[in-house]
């Protein structure tokens, strides 16, 4: 397809298969006996109910679980609002909490000016990064997943929404430094909360202009390919989008719309060549779920895309570790050399080195300087990077 080379995609049109959300690892953990277990049920329950017993282990105390679960409260409100109607909005279904669009469309001076405006508004509503790309059916799910019936259900995305706005919000750097821990899951929960507020507000702004908008987080379509096409970053060895501004420490949201907009071009800054050489995420993954070799079309299980040459994570191994520790894991994000505070000049120098033939030197310096080393939860509670110690 036109633009695939620019985006770094290697899609075989003869073998490619669109993905059904029923086959993602989280959906499978409810219906597939090879993934679902009493332990996975307990894993999900720990996000909403107090534990019967808390461990006296750094990062897994009652205080740690309490702040993590509180961070999920906002996105959970929307996800649980219409569960009786078999909708988990933001995760399995697009959002439907909105006011009607204006009956009269605002006259748009030009798609270029509208694109500048939409990005300004998106950032005012909380987005750290914003990009625009065209609708690409390949990344839209063939089916959604019904949590009620544990089966596939149709995707209800309206036709004619030819533009996709992709937003990224950064996750807290200090919290990610405490991975693995229940506390570190707070960064993920807050990311979803920020995404929810941003896409709902931005979508309503579009409707106020008289145009259609469908706000989406994990539902409806794969976010990473759209984000790459929208120029937000590159694909990393760990299967996560790596942005120039925040590395892999981001959450993604998207809005499908018919608002006239110009498309951004994919951008590269050396991630592919660096990931070819760097294997820190692969080495650090306790489940050994991240590949060491070259990108390939290998399919570990039904939770992988078919017909796309890329680094594919074994989601079954990854999720198994999550269940075992009763919290989501972001070790691959913590150890990634792109996971830095780029407001500091020396980290920007390191990022520049990573995109040059001096990437080997950068990697050695990164390791010797101790970047990516786990910090204790006690360190975060004492003030983290802002503390005296």
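The values are calculated or read from the model by the stated rules, or taken from the named source; none is laboratory data. In this text the structure is predicted, and so the values were computed from the model without any measurement. With ideal geometry, Cβ positions are generated from the backbone for all residues, glycine too; neighbour counts draw on all protein chains shown.
Worth pointing out:
- Failed item, numbered, when residue 224 is tested on (1) surrounded by fewer than 24 Cβ atoms within 10 Å (Cβ to Cβ); (2) touching a strand residue (DSSP E or B) at 6+ places or on another chain (Cβ under 7 Å); (3) in contact (Cβ under 8 Å) with a residue 60 or more places away in the chain: (3)
Here's the yes/no breakdown for (1) modelled with pLDDT of 95 or more; (2) buried (at least 16 other Cβ atoms within 10 Å of the Cβ):
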{"residue": "2", "(1), (2)": "no, no"}
{"residue": "17", "(1), (2)": "yes, no"}
{"residue": "21", "(1), (2)": "yes, yes"}
{"residue": "47", "(1), (2)": "no, yes"}
{"residue": "67", "(1), (2)": "yes, yes"}
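- Among the criteria (1) surrounded by 14 or more Cβ atoms within 10 Å (Cβ to Cβ); (2) at pLDDT below 95; (3) at negative phi, the one residue 88 does not fulfil is (2).
- Some residue of the stretch 248-256 being at pLDDT 95 or above, touching a helix residue (DSSP H, G or I) at 6+ places or on another chain (Cβ under 9 Å) and under 19 Å from residue 160 (Cα atoms): yes
- Positions within the stretch 76-92 being in a helix (DSSP H, G or I), more than 17 Å from residue 195 (Cα to Cα) and touching a residue at least 12 places away in the same chain (Cβ under 8 Å), in sequence order: 83
- Hits in the stretch 320-338 - residues which are under 18 Å from residue 236 (Cβ atoms) and surrounded by fewer than 24 Cβ atoms within 10 Å (Cβ to Cβ): 328, 329, 331, 335
- Residue list for the stretch 275-305, restricted to those being over 30 Å from residue 144 (Cα atoms) and either within 18 Å of the chain's Cα centre (by Cα) or part of a helix (DSSP H, G or I) (or both): 275, 276, 277, 280, 281, 282, 283, 284
- Verdict on residue 188 being surrounded by 18 or more Cβ atoms within 10 Å (Cβ to Cβ), assigned to a strand (DSSP E or B), touching a strand residue (DSSP E or B) at 6+ places or on another chain (Cβ under 8 Å) and at negative phi: no
- Criterion: in contact with a helix residue (DSSP H, G or I) (Cβ under 7 Å, 6 or more places away or on another chain), surrounded by fewer than 17 Cβ atoms within 10 Å (Cβ to Cβ), in contact (Cβ under 8 Å) with a residue 24 or more places away in the chain and not in a helix (DSSP H, G or I) - qualifying residue of 102, 127, 182, 152: 102
- Of the listed requirements (1) under 21 Å from residue 347 (Cβ atoms); (2) under 18 Å from the mean Cα position of the chain (by Cα); (3) outside any loop (DSSP other than H, G, I, E, B), residue 272 misses just one: (2).
- Residues that are in contact with a strand residue (DSSP E or B) (Cβ under 9 Å, 6 or more places away or on another chain), closer than 13 Å to residue 239 by Cα and in contact (Cβ under 8 Å) with a residue 60 or more places away in the chain, drawn from the stretch 295-319: 295, 305, 308, 309, 310, 311, 312
- Some residue of the stretch 363-376 being more than 15 Å from residue 172 (Cβ to Cβ) and touching a helix residue (DSSP H, G or I) at 6+ places or on another chain (Cβ under 6 Å): yes
- Residue 15 meets each of the listed conditions (1) within 22 Å of residue 321 (Cβ to Cβ); (2) touching a strand residue (DSSP E or B) at 6+ places or on another chain (Cβ under 8 Å) apart from (1).
- Flag for residue 368 being surrounded by 13 or more Cβ atoms within 10 Å (Cβ to Cβ) and on the phi < 0 side of the Ramachandran plot: no
- Enumerated helices (runs of 4 or more DSSP H) restricted to the stretch 1-75, each holding at least 2 residues that are in contact with a helix residue (DSSP H, G or I) (Cβ under 8 Å, 6 or more places away or on another chain): 25-31, 38-45, 62-71
- Some residue of the stretch 106-115 being on the phi < 0 side of the Ramachandran plot and in contact with a strand residue (DSSP E or B) (Cβ under 8 Å, 6 or more places away or on another chain): yes
Quick grid of which residues meet (1) touching a strand residue (DSSP E or B) at 6+ places or on another chain (Cβ under 8 Å); (2) surrounded by 23 or more Cβ atoms within 10 Å (Cβ to Cβ); (3) closer than 26 Å to residue 186 by Cα:
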{"site": "259", "(1), (2), (3)": "yes, yes, no"}
{"site": "268", "(1), (2), (3)": "yes, no, no"}
{"site": "278", "(1), (2), (3)": "no, yes, no"}
{"site": "282", "(1), (2), (3)": "no, no, yes"}
{"site": "293", "(1), (2), (3)": "no, no, no"}
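- Selected residue (criterion: nearest to residue 43 (Cα to Cα)) from residues of the stretch 339-358 that are surrounded by fewer than 19 Cβ atoms within 10 Å (Cβ to Cβ) and in contact (Cβ under 8 Å) with a residue 12 or more places away in the chain: 341
- Flag for residue 364 being in a loop (DSSP other than H, G, I, E, B) and either at pLDDT below 95 or under 27 Å from residue 68 (Cβ atoms) (or both): no
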